[in-house]
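Comments concern the structure below.
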Amino acid sequence: MKVRSMVYLDGFIAGIIGAAVIAIWFLFLDAVTRLPFYTPTVLGTALYLGPEVLAPTDGVQVSLKLTLMYTWVHGLVFIVLGEIAVGLLLLAAKKPNLRFGILLLFVILECGFVGTAFVFAEPVLHELTWPVVLLGNLLAAAGMAVYL
């Protein structure tokens with residue numbers, strides 16, 4: 001296989017691993033604390049129906065349709081992040097002085113979900129606590145890093 005196609009394959013696999021790790025993390029938490037698939041339903045509701053649907057006092061009914069729709073987008077985002085990670089690792093191998101900048105970008109991306117939710121979808125944070133989300137993102141990043 002050509003080197004270029006191996007790079008794309010590595011990014012794809014790393015993205016799938018990251019998406020799977022965070023999905024399993026939230027499935028575990030949902031099974032222990034609420035209903036299975038609650039988290040992707042909340043995120044799918046915020047993404048497709050708007051965050052205003054998530055009133056703090058109302059419970060969200062688990063929806064397989066919203067879960068699958070959100071999981072599709074979630075997987076695609078992680079595949080793109082996996083491709084970016086592979087590209088940045090190749091760049092850091094050629095230019096070692098860029099490693100700190102890549103680490104800084106990683107930290108910014110880790111905080112991206114929480115920051116975006118604070119600005120655009122604050123009701124999501126009533127349903128999902130930001131430390132749990134941040135820990136899930138760190139677990140996904142660790143899974144991707146172990147693979148890469």
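One table, with the values for the structure above:
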quantity	calculated
Any hit, the range 8-25, residues being touching a Ser or Thr at 6+ places or on another chain (Cβ under 6 Å) and surrounded by fewer than 20 Cβ atoms within 10 Å (Cβ to Cβ)	no
Check on Gly82, within 15 Å of Leu138 (Cα to Cα) and modelled with pLDDT of 80 or more	yes
Test: residue in the range 30-45 that is at negative phi, in contact (Cβ under 8 Å) with a residue 24 or more places away in the chain, surrounded by fewer than 17 Cβ atoms within 10 Å (Cβ to Cβ) and assigned to a helix (DSSP H, G or I)	no
Residue count for the range 111-146, restricted to those that are modelled with pLDDT of 70 or more and not polar (S, T, N, Q)	20
Close pairs (6 angstrom Cβ cut-off, 6 or more residues apart or separate chains): more than 14 Å from Ile79 (Cβ to Cβ) and part of a helix (DSSP H, G or I) in the range 135-146, modelled with pLDDT under 90 and among the acidic types (Asp, Glu) anywhere	Asn137/Glu110
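The values are calculated or read from the model by the stated rules, or taken from the named source; none is laboratory data. Because the structure is a prediction, the values reported are computed rather than measured. Quick reminder, even Gly has a Cβ in these numbers, built from the backbone with ideal geometry, and neighbours come from all protein chains shown.
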